Amino acid sequence: MVSEKLKRIIIAAVSNNGIIGLDNKVPWKDKEELDHFKETTSGYPVIFGRKTFESIGKPLSNRLNIVISSQSIAKKQSDILYFDSVRNAYTFLRKNKYKNVFICGGAQIYKNTIKHADEMLISQMSFNAKGDAKFPQINLKLWKIESRKTYENFTLIKYTRK
């Protein structure tokens, strides 16, 4: 059994009404929020579901890109690792002594990882959005708000598990 500690951090931009996506895309553009995402995750492994990864269109630079997919992937790329489960991705990261991983969506990945995440960095957008993908409900009995930082169009809330 691999015993290395791996901090699992969910990072997401969520509208006031809980929306995170529409047709496998973020239904808004916010440069300041994208800059926050890039600065925060740069240099670390990032985990995506296959549909979310495909919607981005390319691997994110300066990050180990991990894609979770139950489908067999015909096209393998050297800068992307594919796993059939988040658990297998975590095992790989622990074996290779990574200390942090950012979980970047989509909705199904968030739903499956929120129960064992250590932290969440939620960009709470200051508006409602139309969409077909929602972030899971945050149970505040399990999470403590560590900090808040206000930006023009969102408030960054850092949650830690109680």
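The values are calculated or read from the model by the stated rules, or taken from the named source; none is laboratory data. What you are looking at is a predicted structure, and each value in this text was computed from that prediction instead of being measured. Every residue, glycine among them, receives a Cβ derived from its backbone with ideal geometry; neighbour counts consider all protein chains shown.
Select, from ILE145, ILE114, ILE68, the only residue that is among the β-branched types (Val, Ile, Thr) and touching a Gly at 6+ places or on another chain (Cβ under 7 Å). Among ILE145, ILE114, ILE68, only ILE68 is among the β-branched types (Val, Ile, Thr) and touching a Gly at 6+ places or on another chain (Cβ under 7 Å). The lone criterion from (1) within 14 Å of the chain's Cα centre (by Cα); (2) farther than 25 Å from GLU4 by Cβ; (3) hydrophobic (A, V, I, L, M, F, W, C) left unmet by ALA89 is number (2). Scan the range 87-101 and tell me whether some residue there is touching an Asp or Glu at 6+ places or on another chain (Cβ under 9 Å) and either of a type in the set (Ser, Thr, Tyr) or closer than 22 Å to LEU22 by Cβ (or both). Among the residues of the range 87-101, at least one is touching an Asp or Glu at 6+ places or on another chain (Cβ under 9 Å) and either of a type in the set (Ser, Thr, Tyr) or closer than 22 Å to LEU22 by Cβ (or both), which makes the answer yes.
Based on what the data block shows, is LYS130 of a type in the set (D, E, K, R), assigned to a loop (DSSP other than H, G, I, E, B), closer than 24 Å to ASP23 by Cβ and modelled with pLDDT of 95 or more? Reasoning before the result, please.
Working: of a type in the set (D, E, K, R): yes; assigned to a loop (DSSP other than H, G, I, E, B): yes; closer than 24 Å to ASP23 by Cβ: yes; modelled with pLDDT of 95 or more: yes.
In short, yes.
With ILE145, ILE157 as the choices, which residue is more than 16 Å from the chain's Cα centre (by Cα), of a type in the set (A, V, I, L, M) and modelled with pLDDT of 95 or more? Break it down stepwise before answering.
Working: ILE157 fails: more than 16 Å from the chain's Cα centre (by Cα).
None of the others qualify; the one that does is ILE145.
Being exposed (fewer than 15 other Cβ atoms within 10 Å of the Cβ) and within 20 Å of ARG8 (Cβ to Cβ), is that true of even one residue in the range 128-139? Before the answer, list the steps.
Step one: list which residues in the range 128-139 are exposed (fewer than 15 other Cβ atoms within 10 Å of the Cβ), which gives 128, 130, 132, 137, 139.
Subset that is within 20 Å of ARG8 (Cβ to Cβ): 137, 139.
Yes.
Tally the residues that are farther than 15 Å from LEU81 by Cβ and surrounded by 14 or more Cβ atoms within 10 Å (Cβ to Cβ), restricting the search to the range 53-64. Residues meeting the conditions: 2.
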